[in-house]
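A short worksheet on the structure shown next.
The values are calculated or read from the model by the stated rules, or taken from the named source; none is laboratory data. Since this is a predicted model, take the numbers as computed values, not measurements. Note that we place each Cβ from the backbone using ideal geometry, even for glycine, and neighbour counts take in every protein chain shown. The accessibility values were calculated without ligands, DNA or RNA, using every heavy atom of the protein model including side chains. Shrake-Rupley method; radii C 1.70, N 1.55, O 1.52, S 1.80 Å.
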Amino acid sequence: MSLFPDAKTFIEIGPFSIQWYAVCIMVGALIAYGIGQYNLRKLGYDKELLSDYFVAVLLIGIVGARLWYVIFMWNDLYAANPIEIFYITNGGLAIQGGLIAGLLFSYYFFKKKKIPFLVAGDAILPGVLIAQACGRWGNFFNQEAYGSMVDLAFLKSLHLPDFIIEKMYIQGHYYQPTFLYESIGCVIGFLLIFFVVRRFQDKQGYLFFSYFVWYGTIRFFIEGLRTDSLYVFGLKTAQLTSIAFVIAGIAGLLYCHYKGKPVMKYKE
């Protein structure tokens, strides 16, 4: 057994290894699970509810994220060697595809359980921002999701720790740590939604739709700095999806404000 055998690997046991990328995703998912579990229990739902949901939505989200990435990178990466589709530990998950797949499954799951979708969304989706913040550190270990080329002085001006600066040195050049920008943005978004928006919430769905406005806005601007984006018709896919998220989020907030149901109160 070898712990931290290289920069990308968490542990290696014989031919079997676990990558830091997978560790970051799982840590983020477990934190999001804990937040959602806490919120749903405070609303009076059985603690087993989210346990049944968690594993399924995690797997479906990963599949959706992978399919989204593969679709838009098919000609560049996978057409000549399709077996690489299954090598997810090497990176290549597009979170927006995972979100869409996860939302579709969530709607089905909570409708089947006869739980209002927006109530479940308010309880669960803000925590997804923490999961995304952790997941971006998986990109850090894989040396991906970085921005444009910069010099060492620029990175030092950001007062970054040395280990981040060293990892941003890729193939002879330094790059902007856009993974870090998005990670910080996700944490800030969670704090704002969970502690500020929730405090003044009076209608179901405010937290749910606030997520889309915040994440869509953050991702749109950060994607503009990245150099490894997915494209469709010459436009950055993530930016187009981010615009759709923001529009859907604003429309949802307006709907909740004028026609939404009163928020469910937490039980003591």
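Using unit Cβ charges (K, R positive; D, E negative) and no other charged atoms, how large, in debye to the nearest 20, is the dipole of region 73-176 about its Cα centre?
With Lys and Arg at +1 and Asp and Glu at -1, about 680 debye.
Calculate what fraction, in whole %, of the accessible area of region 132-259 sits on carbon and sulfur atoms when a 1.4 Å probe is rolled over the protein chains.
68
Among the helices of the chain (complete DSSP H runs), which have Cα atoms covering no less than 30 Å along the helix axis and a Kyte-Doolittle mean of at least 0.5?
Within the chain the helices that satisfy the rule are 20-42, 48-73, 117-142, 237-259.
Estimate the FRET efficiency between Lys114 and Val196 by the formula 1/(1 + (r/R0)^6), using the beta-carbon distance for r and 30 Å for R0, to the nearest 0.05.
0.45
Determine the per residue accessible area of region 145-257 with all protein chains present and a 1.4 angstrom probe, expressed in square angstrom.
Value for region 145-257: 51 Å² per residue.
Which one, Leu160, Leu30, Leu225, has the greatest fluctuation when you compute a Gaussian network model over the chain with C-alpha springs under 10 angstrom?
Leu160
By how many nm would the segment from Leu59 to Tyr231 lengthen if fully extended, with 0.36 nm per residue of separation less the alpha-carbon distance?
59.4 nm
For the pair Ile247 and Ala153, how long in nm is the line joining their label points, each one 7 Å along Cα→Cβ?
4.3
What's the carbon and sulfur percent of region 9-69's accessible surface, probe 1.4 angstrom, rounded to a whole number?
After summing per-atom areas, the C and S share lands at 71 percent.
Quick one: grab Rg to one decimal and Dmax as a whole number for region 1-136, Cα atoms only, in Å.
Cα only, region 1-136: 16.8, 52 Å (Rg, Dmax).
How would Met73, Met26, Met168 rank on accessible area, largest to smallest, probe 1.4 Å?
Output order, biggest surface exposure first: Met26, Met73, Met168.
Read through the labelled values [x] 32, 21, 19; [y] 30, 18, 17; [z] 30, 23, 15 and report the label of the one computed as semi-axes √(5λ) of the Cα gyration tensor in Å from the structure.
It is the value labelled [x].
Determine the distance separating the Cα centre of region 204-229 from the Cα centre of region 144-199; give it in Å without decimals.
16
Lysine pairs in region 130-268 with Cα distance under 30 Å, only those 8 or more apart or on different chains: how many are there?
8
Looking only at chymotrypsin sites (Phe, Trp or Tyr not before Pro) in DSSP loops with at most 14 other Cβ atoms within 10 Å, what is the longest site-free stretch of the chain?
Excluding the exposed sites themselves, the longest stretch runs over 88-232.
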